[in-house]
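Please treat every number below as a calculation from the coordinates, not as lab data. Predicted model, so just to flag it, every value in this text is computed and none were measured. Glycine also receives a Cβ, built like all others from the backbone with ideal geometry; neighbour counts cover every protein chain displayed.
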Amino acid sequence: MTWRLLGIDGAIRARFGIVRRHTTEPKMTPQICPRFLAAMLLLSLCPVAPAHAQAAAGPAVPVTTVVPLREDVPVLVRAIGTVQAFQSVVVRARVDGTLDKVLFTEGQQVKPGDLLAQLDPRPYQAILDQALAKRAADEALLANARGDLVRYAALAQSQTASRQRLDLQRANVAQAEANVHGDDASISAAQLNLTFTRITAPLEGRVGLRQIDPGNYIRAADPASAGIVAITQIHPIALIYTLPQDTLPQVQQAMRQGKLQVLAYSSDDRTKLSEGELLTIDSAIDATTGTIKLKAVFANADDNLWPGQFVNVRTRLETKRGVLTLPSAAIQRGPDGLYVFLVKPDSTAALRPVDVAQDDGHTAIVAKGLDGGERVVLAGQSRLSIGALVVATEPRPAS
């Protein structure tokens, strides 16, 4: 009888150290004890547990557990944005002159029409007085020309004055009227320039730092001038941020359902600064970066947002109702996909593959793999293996 006839394959022979020797001697049938043969057959039928399923010998592993929770989870799109003033203007002088007074305090809130500064008005008052005097003189000439026109018209009817003389007098009257209209325009310009010596706020906002001191001569046409002061509107305030072009259809679809909520967080992405709403989407995608700009508006009543500030932005597209959630730290990634460790009733660890519909870095929505009653390991996974004995804390809801 040979080993093959006895039904013992190469794996069994290798397990028990039985090796066939190849020699030139005639083959002989080995003599084997029946009991020994039966024992080897029984051992060959016993399954060998995979290496990854064998629990490592040693003390129990301490872990922290949570229970999956069903809750409403917002669908958020994250980005980084820059706060901008809703409106901003640099206040400049419209006419040349010496700055007499500065009537605002740096950091002051102003309204449209509030007086900010005063230029020396005397040169422009003098120009206005000259224009008024010239108009009075031209009005006197106009009155005299009209009187002469009446007299020449009467003489022309009696044939005492020529027709040419009458027409000339009519031209003199028209010229005098034109001079008076010109004087009116000069007066209006002089009055306007005199008004420009009073520099007022064009919009409601916060006054910045003063750029020039009283006593300096200001030239309105000076391109190097930084102006007198800048006013920025921060109630409300704007936020500009960019999103990848792939998210544009989702944002557009959500905007059709109504206003989208936009949340502004601090640089550590933990402190919520303000809540606003999406105002509009830019008209074109930036071809160089593949992104598109969006503009949100915030009431900013508590002044938590400031122009030029960098913030973390979350745009809420929708809210998923009653979904199964876990903290993101409980989700593990392996060569075969995502999984979690469970604690079974016998205090041993088990591995469960899961499908995640959304993970924002804080909360993960589990679409498949859990039913909500499991004890999921939140911390301590690095020392776990399948079947390992664990010491688990009391589970808490996965908020």
**Request:** For K111, go through the lysines and keep the ones whose alpha-carbon is under 24 Å away, minus same-chain ones fewer than eight residues off.
**Result:** K101
**Prompt:** Are there trypsin sites (Lys or Arg not before Pro) in segment 209-304 that DSSP puts in a loop and that have at most 14 other Cβ atoms within 10 Å, and which ones?
**Reply:** R219, K259, R270
**Item:** Amide H partners (placed H, <5 Å) of Q108, local residues excluded
**Value:** V207
**Item:** Residues S158, S385 arranged by fewest to most Cβ contacts within 10 Å
**Value:** S158, S385
**Fill in**
Rounded to two decimals, the Debye log10 I(q)/I(0) of segment 199-239 (Cα scatterers, no solvent) at q = 0.20, 0.21, 0.25 Å⁻¹ is -0.74, -0.79, -0.96
**Request:** Assign one of three labels to segment 136-251, namely rounded, prolate or oblate, based on the Cα gyration tensor with a ≥ b ≥ c the square roots of its eigenvalues; rounded applies when a/c is under 1.5, prolate when it is not and a/b is larger than b/c, and oblate otherwise.
**Result:** prolate
**Message:** Over 10 Å intervals from 0, what percent of Cα-Cα pairs in segment 121-196 sits in each interval?
**Reply:** 21, 32, 22, 15, 8, 2
**Prompt:** Can you flag which of K259/K320; K272/K293; K293/K320; K259/K295 are past 19 Å Cα-Cα?
**Reply:** K272/K293; K293/K320
**Message:** Taking the Cα of Q87, stepping 7 Å toward and past its beta carbon, and measuring to each backbone N in segment 226-250: which are under 20 Å?
**Reply:** 227-240
**Fill in**
Per-residue Cβ contact counts at 10 Å, fewest first, order F196, F298 as F196, F298
